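Laboratory data are not the source of any read-out in this text; all were calculated from the coordinates shown. Predicted, not measured: the structure shown is a model, and the values here were computed from it. Quick reminder, even Gly has a Cβ in these numbers, built from the backbone with ideal geometry, and neighbours come from all protein chains shown.
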Amino acid sequence: MSINNPYQTYKNNTTVTASPGELTLMLYDGCIKFVNHAKKAIENKNIGDKNLYIQKSQNIIQELMVTLKMEYPISKNMMSLYDYINRRLIEANIRSDVSILEEVEELVTEFRDTWKQVIQLNRQKKYASNDGQA
């Protein structure tokens, strides 16, 4: 008989039931988390962990690139920005440069905060339009 980890069950359910917008938010949060782990690894001179966490950040950025809907003009701009972030992550990995990771963290945090506002505005519009239907 296996004992389930309640936190892991919650985390799995959160991911499975999340909307596409919430999943994007989770990707941004994950990227920020891994960038912070990479910064700590550089400070601790742990090259293996630095590489691992920067690669995890790159994987998230690449996932964000793949999920862009290129029929929207903003997507072309986002693609360029994601490509820039990806190149900076490569450079940070090669140079073990915390300042580059801080730049990446700042950009991704800005994207995450903007995305969070978009989700909140969409929820407000959805609930405002449903008020008259009750």
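When the charge dipole of the stretch 28-115 is built from unit charges on Cβ atoms (+1 for Lys and Arg, -1 for Asp and Glu) and taken about the Cα centre, the candidate among S99, L52, F34 whose Cα reaches farthest toward its positive end is L52. Counting only Cβ charges, +1 for Lys and Arg and -1 for Asp and Glu, the dipole size of the chain around its Cα centre is about 240 debye. For the options Y72, Y82, Y28, a Gaussian network treatment of the chain with springs between C-alpha atoms closer than 10 Å singles out Y72 as fluctuating the most. Averaging the sequence gap over all C-alpha pairs within less than 8 Å and six or more residues apart, then dividing by the number of residues, gives the chain a relative contact order of 26 percent.
Loop-located trypsin sites (Lys or Arg not before Pro) in the stretch 25-113 (DSSP state other than H, G, I, E, B) with a sparse environment of at most 12 neighbouring Cβ atoms within 10 Å: K45, K69. Projected label points at D49 and M26, each 7 Å from Cα along the beta carbon direction, are separated by 2.5 nanometres.
For the residues N122, N93, N51, a GNM of the chain with alpha-carbon springs under 10 Å puts the largest fluctuation on N122. Segment N4..S80, full-extension length gain: 23.1 nm, with 0.36 nm per residue of separation and the alpha-carbon distance subtracted. Stokes-Einstein at 20 °C, 1.002 mPa s, Kirkwood radius from Cα pairs: D for the chain in µm² s⁻¹? In µm²/s, the coefficient rounds to 129. Tally Lys/Arg at +1 and Asp/Glu at -1 over every other residue whose Cβ is under 12 Å from the Cβ of Q120; what's the total? Neighbour charge sum, excluding Q120 itself: +2. Within the stretch 54-98, list the residues whose amide N lies under 14 Å from a label point set 7 Å along Cα→Cβ of T114. Zone members listed by number: 73-85.
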